[in-house]
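Right, one structure below, let's go through it.
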Amino acid sequence: MKSSIKRKTPDISTQKNRTKRKIKAGGKSIAGQAGRRKPAARQNKNRRKQHPKPPRNINARAKKAARKTARATSRRADAAARKTYNAARRARRRQRRGRRNGFLNIFLPTAAAFLFAVIGFGVWYFSFDKLNPEDYVAVTYSGYDTRGTASLSIRETEEYETFWEDAQINLLSENGSLKNGDHLDVCIIYDPEQAKQQKLRIQEDSFQIEVNGLPEGKELSADDIFSGVHIDYEGIAPELTLTVTNESDDPFLQTVIYEIAEPKTFYDAGDTVRINASFSEEDAIAHEYAVSLSEEECSRMYTVENTDCYLRDASELSADLIQTLNETAATLFGDANEYGLRIFSEANLMPIWVNGKNTFVWSNPRLLSAYLNVLKPEYFEAQSHNNDIKLVYTVRLSQADGVGCDAKVVVQFTNLIRRADGTYDLSLDSGKIIAASYRTSHIKDLVTDSYHEEYTAEKLDLS
């Protein structure tokens, strides 16, 4: 028994539209996926040619069979369309995947190689120690502002000691006239290969250092220059020799050299001496002194004074000094055997001997006169004494039997000195009898005439 319910046969146009929607469900038409999409009107026309509408004047079974056949045909067309669409889609995917894989095949090895290179470079780069030479350069300044001098050295450190042993520091700026605020151009010279072997990366091998800390220059006057001068005397005037010494405590003034202009062999008290001072300007600058003295200001006159002097003027011998000499001379008159025979012969007297010896003695000395003899400058080096005093006495000469006569006796004292402190050294231990005679002319000749070429004689006032 046939059912009374009739299945609604879908309209062919509706089926076509459904097929079109399925085809378009992927967002694009099958024709567009496989190639260039054909226009919709042309596509429908081709389908109508392939699947013509069944005749309208056929029975229901024929219509049903036609509809079934149309549906089957439509399904096959849809399946074919889907297959074509999927094939085109898979082709596009393979194409995109091929392009992507080709890019990755090139990019990934390149990127990996680059990454390894970056990592290797980073490891190599960071294995080096950074060395900034400026941190290890020490600057020492000398002089003063506007006349400063810089000295460069490496700070004392054990760090990178091997590198600094071979490196050199060069100062490229002008040196010697530096002032605060100037900049020093410094360059480090080193062996790059050696630095690389020591794993050192030099940051800057050229840099600048600002000058600072230079003090103001200290003014130095002529009085300051000669403040340390000391004249040492050796000998006794007028046979003095001079030595100029530097007794300054100042480090710079200790370097000043003092010299006597036109030096002489001997100097006398009251002589004037010119002393010249010479020094190094570099030393002055190094000790922060600003010296601007003329040649004349570096020369100064000195007078020889406060020194021991030989007596050269009879007026210096007071009565008290003469009396002291006289008293000392009186002690010399004792045994007269040295002169007795000659004096007795001159006086025509007969000497006697007791036990084979003479018995002459001096007695009652009386001072008659005194003379100061001063050596002339041209004979300073030729004679043994610079001055002397000769005291002339009348002395009684006698022997054991009482026979005797008066004789003239000369007592000499040599090298009498006036000390620097004003006292006198009469050289009393030098006193001795140098002559005795019965004849006055012999004594006069001795005292005034015998040495007149070498000495100047002056008679003393005994009153």
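Among (1) at pLDDT below 90; (2) under 30 Å from residue 399 (Cβ atoms); (3) hydrophobic (A, V, I, L, M, F, W, C), which single condition is residue 336 missing?
Checking residue 336 against (1) at pLDDT below 90; (2) under 30 Å from residue 399 (Cβ atoms); (3) hydrophobic (A, V, I, L, M, F, W, C), the one that fails is (1).
If you go through the stretch 402-424, how many residues are surrounded by 14 or more Cβ atoms within 10 Å (Cβ to Cβ) and either closer than 30 Å to residue 305 by Cα or under 60 Å from the mean Cα position of the chain (by Cα) (or both)?
Count: 9.
Pick from the stretch 339-369 the residues that are of a type in the set (D, E, K, R) and farther than 19 Å from residue 390 by Cα: which of them is most open to solvent (accessible area, probe 1.4 Å)?
Among those residues, the one meeting the criterion is 357.
With respect to residue 386, is the statement that it is crowded, with 20+ Cβ neighbours inside 10 Å and closer than 30 Å to residue 267 by Cβ true? Talk me through it step by step, then tell me what you get.
Numbers: crowded, with 20+ Cβ neighbours inside 10 Å: yes; closer than 30 Å to residue 267 by Cβ: yes.
Against the criterion (crowded, with 20+ Cβ neighbours inside 10 Å and closer than 30 Å to residue 267 by Cβ), residue 386 qualifies.
Tell me whether the stretch 437-455 contains one or more residues that are under 60 Å from the mean Cα position of the chain (by Cα) and either within 17 Å of residue 370 (Cβ to Cβ) or not acidic (Asp, Glu) (or both).
No, because not a single residue in the stretch 437-455 is under 60 Å from the mean Cα position of the chain (by Cα) and either within 17 Å of residue 370 (Cβ to Cβ) or not acidic (Asp, Glu) (or both).
Of all residues being buried (at least 16 other Cβ atoms within 10 Å of the Cβ) and over 60 Å from the mean Cα position of the chain (by Cα) in the stretch 303-323, which is nearest to residue 412 (Cα to Cα)? Just the residue, please.
Here the residue is 322.
Looking at residue 167, is it out of contact with any Ser or Thr (no Cβ under 6 Å at 6 or more places or on another chain), closer than 24 Å to residue 288 by Cβ and either open to solvent by less than 50 Å² (accessible area, probe 1.4 Å) or touching a residue at least 60 places away in the same chain (Cβ under 8 Å) (or both)?
no
When residue 238 is evaluated against the numbered criteria (1) surrounded by fewer than 19 Cβ atoms within 10 Å (Cβ to Cβ); (2) modelled with pLDDT under 95; (3) of a type outside the set (Ser, Thr, Tyr), which criterion, by number, is the only one it fails?
(1)
Considering only the stretch 273-314, state which residues are assigned to a helix (DSSP H, G or I) and in contact with a helix residue (DSSP H, G or I) (Cβ under 6 Å, 6 or more places away or on another chain).
Step one: filter the stretch 273-314 for residues assigned to a helix (DSSP H, G or I), giving 281-286, 314.
Across the stretch 273-314, the qualifying residue is only 283.
Would you list the strands (runs of 3 or more DSSP E) that sit entirely within the stretch 364-443 and hold 1 or more residues that are closer than 25 Å to residue 316 by Cβ and among the polar types (S, T, N, Q)?
Of the strands (runs of 3 or more DSSP E) lying wholly inside the stretch 364-443, those with at least 1 residues that are closer than 25 Å to residue 316 by Cβ and among the polar types (S, T, N, Q) span 387-398, 404-414.
Let me confirm something: among 173, 177, which residue is hydroxyl-bearing (Ser, Thr, Tyr), open to solvent by less than 50 Å² (accessible area, probe 1.4 Å) and over 18 Å from residue 130 (Cα atoms)?
On the way: 177 fails: open to solvent by less than 50 Å² (accessible area, probe 1.4 Å).
When all the criteria are applied, what remains is 173.
Among the residues that make up the stretch 292-301, is at least one of them open to solvent by less than 60 Å² (accessible area, probe 1.4 Å), free of Cβ contacts under 8 Å to residues at least 12 places away in the same chain and under 60 Å from the mean Cα position of the chain (by Cα)?
Within the stretch 292-301, one or more residues are open to solvent by less than 60 Å² (accessible area, probe 1.4 Å), free of Cβ contacts under 8 Å to residues at least 12 places away in the same chain and under 60 Å from the mean Cα position of the chain (by Cα).
The values are calculated or read from the model by the stated rules, or taken from the named source; none is laboratory data. Predicted model, so just to flag it, every value in this text is computed and none were measured. All Cβ positions, even for glycine, are placed from backbone atoms using ideal geometry, and neighbour counts span all protein chains on display. Note: accessible area is taken over every heavy atom of the protein model, side chains too, but ligands, DNA and RNA are not part of it. Shrake-Rupley method; radii C 1.70, N 1.55, O 1.52, S 1.80 Å.
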